[in-house]
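These notes are about the structure you will find just below.
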Amino acid sequence: MRHVWVVAANTFREAVRDRVLYNLVFFALLMMGAAILVGQISIGIEQSVIVSLGLAAISVIGIFIAVFIGVGLVSKEMDKRTLYALLAKPVQRWQFLLGKYGGLVVTLAVNTAAMAVGLYVALWSVKHTLNGSDWYVLVAVYLIWLKLALIVALAMLFSCFTTPFLAILFTVGIYIAGLYAEDLRTMQAMNLTATTTKFLRAISYALPNFENFNVMGAVAHSRGVPATLVWQDTAYAVLYAAIVLLGSAMIFARRNLK
Amino acid sequence: MQVQCGEVFGFLGPNGAGKSTTIKLLMRLIFPTSGTARILGKSIEDVSMHQNIGYLPEQPYFYDYLTAAELLDYFARIHGLKAPERSARVERMLKKVGLDTAKKIQLRKYSKGMLQRAGLAQAILHDPEVVVLDEPMSGLDPLGRREVRDIILELKKEGRTVLFSTHILADAEMLCDRVGVIVGGKLRGVGTPGEMVGIQVQGMEILFEWHGTQAFPLLERAAKTGERYRAQLPESEVYHALDELKAAEARILSVAQVKPTLEDFFMNLVDADRAQANAVEVSGQ
Amino acid sequence: MKSSRAAGWLLVVLLAGFVGVWQLQRRIDQQKSAVLVEQDQLAFRSPNLVKKLSLEYTPLMAAIYWTRVVQYFGEKHRLHQTNLDLLWPLLDITTTLDPHLMPAYRFGSIFLSEPPPRGEGRPDLAVKLLERGIAANPEEWRLYQDLGNVYYFDAKDYEKASQAYAEGSKNPRAMIWMKVMAARIAAEGESPETSYFLWLQVYETTADPAVKKNAEDHLKLMQVELDLNEINRLADEYDKRTGHRAARIGELVEAGLLKGIPRDPAGYPYLLGEDGKADLNLDSPMLEEKLMAQ
C-alpha cells in the first residue's frame, strides 16, 4: 500500500503544478460578483441565491475537473509513456490506478473545501451573520465531493479502454443518465411492455444515481439534511466506486501498452 | 535466447524488427500470446523481481513538471529506499550521469540527451543486477553516445548484466560480448559479433593515387573518385597488383583487409527476407 | 524604433475598430427598437421540461426565473403596458423548480389577482399558485394570509376568505389578528377598516419593493375612503344640528366639527361636492388613482 500512497502524493503534486487549483480564482471572482449583485436583483432570497449559485458552481467546476483530469489520469500517462518506467518497477498495476485515483480525489477534496470557504465568505458578506442552519451547506459540499469521487472512478474506468475523447463523452453521458435514473425507475408510459418496464427498472438501479447526492434545494432554504442520508450516501459512493475501480483494475491489468 | 550473467548483450535489428516489442514483453508492458520468459530465475510475472531490474524505455519521457531530483526521489520511494539513503543515492546517480547541475530544473526544459541520461539514472538508481536499455543511444549526438557507452562499460565492470537494443551496429560491435539478431520479428541468430559475421576475410583493398596517362590492367578493376582509386582483389593477387602500381609510379595510400561487418550480415538477412516476400507475392499466394 | 511605432499604430487601429463596433451597435439598437414587435418570449413553457433540463441545479434555475419575473413585471410597468400574459407561466415554472421560494408566492398572488392595470386580474391563478405553495410549505402561515387576501379583495368570496384566515391562524406562529379577521369577515364581509388593516399587514411585513409600493398605494386609497366616510359622517351631523347640508367644508370647521381642513394623502384638501358629499380635490392625483381602481 505504500506504493499507492507514493503514486497518490505525486498525482496531487502534478495537479498543483498543473495549475488546476487556479480554478479557485475563477470561483472566488464568481462569488464576489454574486454577492455584490444579489442584493440588487433578488430581494428576500439573498441567502437562497448565494447558496444555490455557490453549490452549483462547486458542483460544475468539480465535475469539469473530475471528468477532464480524471480521464487524463491514465490516458495521459499512456500517451506520454511516462508510465513505462514506472510499471517496470516493483509496483502492481492496480496500485498505480488506486494511487492516481486517490491523488485526484484528495485534490478535489482540497479544492471543494477551499470553495466552501469562499461560499461562506460570500454568504457572510450578504447576511452579516451566520447561524446554525448555515452549517448544512458543508453537508451539501461533502455530498458533492462524494459525487465527484464517483465520477472520477467512472472517468478512470472509461479511459482504461477507450480514447480520451470517448472517455470524456461516456463519463458525461453517464453523469447525465445517472441524474435521471430515478425517473427511469418510475417511468409509466402507456405502451411499454412489462418486460421493458422491468428492464428499465433494472437499468435504473445499475446506473449510478447521482440525484442521491443532491441536497442543494433543501440547503438553499436552510432546511436540514438527515444524518442517515449522509451515511447511506457515503456507503453508496464507496461501494459503487469500489466496483468501478475493480473493473478498471481488471481491464488495465491485461492492457497492452504500445 | 539466453543472456548470461555479467555479460553485455546486444539486441540487434532494423527498425520495426521487434526489439522494443521483445523488451516490453519482458517488462510486462505487453503480453505474449504464447511462450514464457524468466529473469534472474524468476518468472516475469513476479513483480517483486522488478526490484532487481532497471529499465530504460525507448524515447523516454517523464513527468515534465518534476525536476530530475524529484523524479529520482519519486522512483526511489517506489523502490522502498528509506529517507537518508534515498537522498544520498539520488545525488550519486545524478552525478554519475552528469545531471548534477541541472537537477533543480524541470524536466520539461531538458534536451533529449538530458532526458536519456535521466532515464539511465532511474534505471540504475536502485542498484539492480540486470539493466535493460531500449535504444539507449537514439537521438544522441556523438558525445552523448560516447557517454552512454562509457556508462554501459562501467555497469559491466560493476558486474551487472546489461541487455540493450539498438540498430546502430557500430555500437554493438564495440560494446557487446554477444549479440542476438532479430529481423522481421524472428530471432535469426545469437553469438559473439565475430561469430555472427564469420571470421572469413573477403580479400584486400588497395587505395592509391595516380596521375599518369598510360593505363594498366588494375585500373579496370578500380573505382575512381577524383584522383583516387580503390581496388578490391583476392589476397593472392596483391603482390602482382603492387608491381603494376610500382611500374605506373602510382602513390600507394593503403593496403587493408576487407572484413564483412555486422552491416553486411544484416543487409543479407534483410535482402533475403525481401526476396522471399517478393517470391510469395509473385506466386500469388 | 520600428517595432514600438508599429505597436503604436496597431493599438490605434484596434481602438478605432472598437469605436466602430460601438457606433455600429448603437445604430443597430436604434434600428431594432424601431422594428420591435411586441413579443414576449418564453422559450420553454412546460415547467416539467425546464425542471428536467436543469439537471440537478433546480434551485439556481428557480432563482434565475424569479429574477425574470421581477424584470418582466418591472418592464411592463415602466412601459405602462397592461398585458401580463407571461406572468403566470413564469411563476409556474419558478415555483415548480423551487416550491420553497416564498417571495414568489406573495408577489405572484398579489399581481396575478389584482385587476388591471396593476395586475393580471386572475384571482383563480393566484389561488392555484398559493395552494401549491401551501402544499409544499404547510408551516408557512403567511401563505394563508395571502390566500385570504386574494379571496377578500379580488375574488370577493368572503366565506372562503374567512376560512383561509382561520386555517392560517391554527399555526402557533401565526399572529392573533388572523383569528380575529376570520371571525370579522365571516360576520361582516367587506369593510374599509378591515381592508385597511389587511393592507397594513402586507405593507409592514414585506421587503419586496414592488409589493410594498402596491400596498402603500392601496393604503392611501383606503385612507381616502376612510377620510371621506368620516367627513360624510360629520356632514350628516352638521345637517342634523343645523337643518341643512354644509356647502363648503370650511363650514364644518366653523361649526367646530373639524379642527382644520383635512388633507388627503397627497396633501390636497378635501372638499364637499354639490350633493353635499365629501370628495377629493380636483387637483389631487388621488382622484385619478381612485378612478383607476374602479
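Quick check on my link table: of C:Lys156/C:Lys212; A:Lys76/B:Lys19; A:Lys80/A:Lys100; B:Lys112/B:Lys157; B:Lys24/B:Lys112, which ones sit more than 19 Å apart, alpha carbon to alpha carbon?
Beyond 19 Å between Cα atoms: C:Lys156/C:Lys212; A:Lys76/B:Lys19; B:Lys112/B:Lys157; B:Lys24/B:Lys112.
Once you list every other residue whose beta carbon is under 13 Å from the beta carbon of C:Ala161, what net charge do they have if Lys and Arg are +1 and Asp and Glu are -1?
-4
Report relative contact order for chain C in percent, whole number only (criteria: Cα-Cα under 8 Å, sequence separation at least 6).
The normalised contact order for chain C reaches 8 percent.
Which order do B:Cys5, B:Cys176 fall in if you start with the one that has the fewest other Cβ atoms within 10 Å?
Lowest to highest Cβ neighbour count: B:Cys5, B:Cys176.
With a cut-off of 14 Å, note down the residues of region A:215-248 whose backbone N falls inside the zone around a label point 7 Å from the Cα of A:Lys127 toward its beta carbon.
Within reach of a label on A:Lys127: A:218-225.
Which aspartates and glutamates, if any, have their Cα less than 19 Å from the Cα of C:Lys170, not counting same-chain residues under 8 positions apart?
Within the straight-line limit of under 19 Å, C:Lys170 reaches these aspartates and glutamates: C:Glu131, C:Glu139, C:Glu140, C:Asp146, C:Glu159.
Which of the trypsin sites (Lys or Arg not before Pro) across region C:217-294 are loop residues per DSSP, with 11 or fewer other Cβ within 10 Å?
When the trypsin sites (Lys or Arg not before Pro) of region C:217-294 are filtered for loop state and at most 11 Cβ neighbours within 10 Å, C:Arg248, C:Lys259 remain.
How charged is the neighbourhood of C:Val211? Take every other residue with its Cβ under 14 Å from the Cβ of C:Val211, and add Lys/Arg as +1 and Asp/Glu as -1.
Around C:Val211, the charge tally is -1.
Just to be sure I understand the rule: take each whole DSSP H helix in chain A, project its Cα atoms onto its long axis, keep it if the span is 20 Å or more and its mean Kyte-Doolittle hydropathy is at least 0.5. Which ones pass?
A:23-41, A:46-80, A:93-127, A:136-159, A:164-179, A:227-253
Given labels modelled 7 Å from the Cα in the Cβ direction, how far is it in nm from C:Val180 to A:Ile36?
Those two pseudo-labels are separated by 4.7 nm.
Residue by residue, what Karplus-based ³J(HN,Hα) values in Hz, rounded to whole numbers, does region C:127-140 have, using 6.51, -1.76 and 1.60 with θ = phi - 60° and x for Gly and Pro?
After applying 6.51 cos²θ - 1.76 cosθ + 1.60, I find 4, 4, 4, 5, 5, 5, x, 5, 4, 7, 10, x, 8, 8 Hz.
For chain B, take the longest principal axis of its alpha carbons; what is the angle in degrees between that and the long axis of helix B:238-248, to the nearest 10 within 0 to 90?
Once rounded, one gets 60 degrees.
Evaluate the distance, in nm, between pseudo-label points positioned 7 Å from the Cα of C:Arg78 and of B:Arg149 along their respective Cα→Cβ axes.
Using points 7 Å along Cα→Cβ, the separation is 8.3 nm.
Provide the FRET efficiency to the nearest 0.05 for the A:Val238-B:Tyr239 pair, computing r from the beta carbons and using R0 = 60 Å.
0.10
Any number yet on Rg/Rh for region C:47-196, C-alpha, Kirkwood?
Reported Rg/Rh, Kirkwood definition of Rh: 1.01.
Taking neighbour Cβ counts within 10 Å as the exposure measure, how do B:Met204, C:Met292 sort from fewest upward?
The order, fewest Cβ neighbours first, is C:Met292, B:Met204.
Collect residues whose amide H, placed 1.01 Å from N in the peptide plane, falls under 5 Å from the amide H of B:Gly189; neighbours closer than 5 in sequence don't count.
Distant-sequence amide H within range of B:Gly189: B:Val181.
Quick one: net charge around B:Arg77, please, counting Lys, Arg +1 and Asp, Glu -1 for every other residue with C-beta under 13 Å from its C-beta.
+3
How do A:Leu146, A:Leu157, C:Leu226 rank when sorted from fewest to most other Cβ atoms within 10 Å of their own Cβ?
Fewest-to-most ranking of A:Leu146, A:Leu157, C:Leu226: C:Leu226, A:Leu146, A:Leu157.
Relative to the longest principal Cα axis of chain B, at what angle does helix B:142-157 sit, 0 to 90 degrees, rounded to 10?
70 degrees
With equal scatterers on the alpha carbons only and no solvent term, can you work out the Debye log10 of I(q)/I(0) for region A:2-253 at 0.09, 0.11, 0.13, 0.18 1/Å?
These q points yield log10 I(q)/I(0) values of -0.45, -0.66, -0.88, -1.33.
With the crude spin-label approximation of a point 7 Å out along Cα→Cβ, what separation in nm comes out for C:Lys277 versus C:Leu200?
With each label placed 7 Å out from Cα toward Cβ, I get 2.6 nm.
Once the Cβ-Cβ distance between A:Leu246 and A:Thr197 is put in as r, and R0 is 22 Å, what FRET efficiency do you end up with, to the nearest 0.05?
The calculated FRET efficiency here is 0.15.
Please work out the FRET efficiency for the pair B:Ala277 and B:Gln232, using the Cβ-Cβ distance as r and a Förster radius of 35 Å; give the result to the nearest 0.05.
0.70
By the gyration tensor of its Cα atoms, with a ≥ b ≥ c the square roots of the eigenvalues, what is the shape of chain C: rounded for a/c under 1.5, prolate for a/b over b/c, or oblate?
oblate
Throughout, read-outs are computed from the coordinates displayed, never taken from laboratory work. Keep in mind it's a predicted model, so treat the numbers as computed, not measured. Heads up, the Cβs are rebuilt from the backbone with ideal geometry, glycines too, and the neighbour counts pull from every protein chain shown.
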